[in-house]
Amino acid sequence: MIETLLTNEWVIVGIRRLSAAEAVIEFDPQAYPFGGANCLAALAEAFGHRVIERNDGTGVEPYEPVKEYWQPSKSKRPWWKLWR
C-alpha cells in the first residue's frame with residue numbers, strides 16, 4: 001500500500017471536513033486511467049475510518065470494502081522443496 005501511495009498517478013488536493021463525523025479526500029488524477037484510488041480507502045480504513053462512497057472521476061458509487069485479503073498458501077510441503 002505504501003508503494004502505491006508513493007508511486008501513484010494522482011495528487012492529493014486536500015481533505016475537507018464536512019461535519020464532525022465526515023470528511024472528503026480530494027485528489028486530481030494525472031492520467032486516465034490512473035489505476036484507482038483503492039489505496040486511499042485502505043489508508044483511511046487502516047486508521048479506523050469507514051469509507052462510504054467514492055468518486056474516481058466516473059461518478060459517485062458506494063464503496064465496497066475488500067472482503068478477501070491475500071493469504072499465503074497452506075502447502076504441506078516445506079518451502080525449500082520446489083519439486084514434487
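The values are calculated or read from the model by the stated rules, or taken from the named source; none is laboratory data. What you are looking at is a predicted structure, and each value in this text was computed from that prediction instead of being measured. Ideal geometry is used to build each Cβ from the backbone, glycine not excepted, and the neighbour counts take in all protein chains shown.
Here are a few things to note about the model shown:
- Some residue of segment 70-83 being on the phi < 0 side of the Ramachandran plot, assigned to a loop (DSSP other than H, G, I, E, B), modelled with pLDDT under 75 and surrounded by 10 or more Cβ atoms within 10 Å (Cβ to Cβ): yes
- Once segment 1-38 is narrowed to residues that are over 15 Å from the mean Cα position of the chain (by Cα) and of a type in the set (S, T, Y), the residue that is modelled with the highest pLDDT is S19.
- Where a residue in segment 46-75 is under 23 Å from P29 (Cβ atoms) and its partner, wherever it lies, is polar (S, T, N, Q), with Cβ under 9 Å and at least six apart: R54/N38; E61/N55; V66/N38
- Residue in segment 18-36 that is on the phi > 0 side of the Ramachandran plot and free of Cβ contacts under 8 Å to residues at least 40 places away in the same chain present: yes
- Counting the residues of segment 1-53 that are among the aliphatic types (A, V, I, L, M) and assigned to a strand (DSSP E or B) gives 7.
- Of the residues making up segment 1-55, those that are of a type in the set (S, T, N, Q) and either surrounded by 12 or more Cβ atoms within 10 Å (Cβ to Cβ) or touching an Asp or Glu at 6+ places or on another chain (Cβ under 9 Å) (or both) are T4, N8, Q30, N38, N55.
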